[in-house]
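Trainee: Right, I'll just put the structure down here and ask away after.
The values are calculated or read from the model by the stated rules, or taken from the named source; none is laboratory data. Bear in mind the structure is a predicted one, so any value in this text is a computation, not a measurement. All Cβ positions, glycine included, derive from the backbone under ideal geometry; neighbour counts span all protein chains shown.
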Amino acid sequence: MRTIRNQGVHMESLPVLATDAISQVTRKTILEGKDINLNVLLIPNFDSSTARTVTADTLQITLKNEDPHLKRNLSISEFITAFGRYKRVIVSVYPNRHQELDIYQEEIVRISNLIGPRFYEYHKQFSMMATSALLNHGIKVDWSKRDRTLLQNVMMGSGTSPCSACNKVHPQNTDCPSKY
């Protein structure tokens, strides 16, 4: 019988955060309070800053990373997985937000049970407005409090269509930052 030397730690002894394959760029984006597409957290070590350059003769064009996986809406199970990763990054630096984000996740599950796949539209709009309030006005939104007006608008369809530049629905009377 052969004996194998200990070559490392047992997988089950690792903290969950150590097994989340999230790029440093994405972690930094999350911790800066910027809006993040949760699809990114389902793609191991995805780096949204990655761009490719196309050169023809003397013309050089840099193209943004346009992964088609980033444009689709998540199912509730995908949301729970991705938001769990998002939450672990936030809580690793801001442990006081754990309960707030747990409640938000529970609310999203309830909303999903209420309106089905449109829950993800609610999340995208809520996240975008919370980010805007923080970055533009220094106002921190409590994610554990449901936005009833937003929920009603999403439930009714609110007659809005996704932005052609970023495929998100923006609050009324606001421009898309992707257009600039």
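Trainee: Restricting to the stretch 31-61, name every residue that is modelled with pLDDT under 85 and acidic (D, E). Explain how you work it out, then say what you get.
Mentor: From the stretch 31-61, those modelled with pLDDT under 85 are 43-61; that's our starting set.
Matches in the stretch 31-61: D47, D57.
Trainee: Let me ask another. Output the residue which, of all residues in the stretch 124-146 that are assigned to a loop (DSSP other than H, G, I, E, B) and without any contact (Cβ under 8 Å) to a residue 24 or more places away in the chain, is nearest to E106 (Cα to Cα). Before the answer, list the steps.
Mentor: Narrowing the stretch 124-146 to residues assigned to a loop (DSSP other than H, G, I, E, B): 138-146.
Keeping just the survivors that are without any contact (Cβ under 8 Å) to a residue 24 or more places away in the chain gives 138-141, 145.
Numbers: G138: 26, I139: 23, K140: 20, V141: 17, K145: 11 Å.
In this case the residue turns out to be K145.
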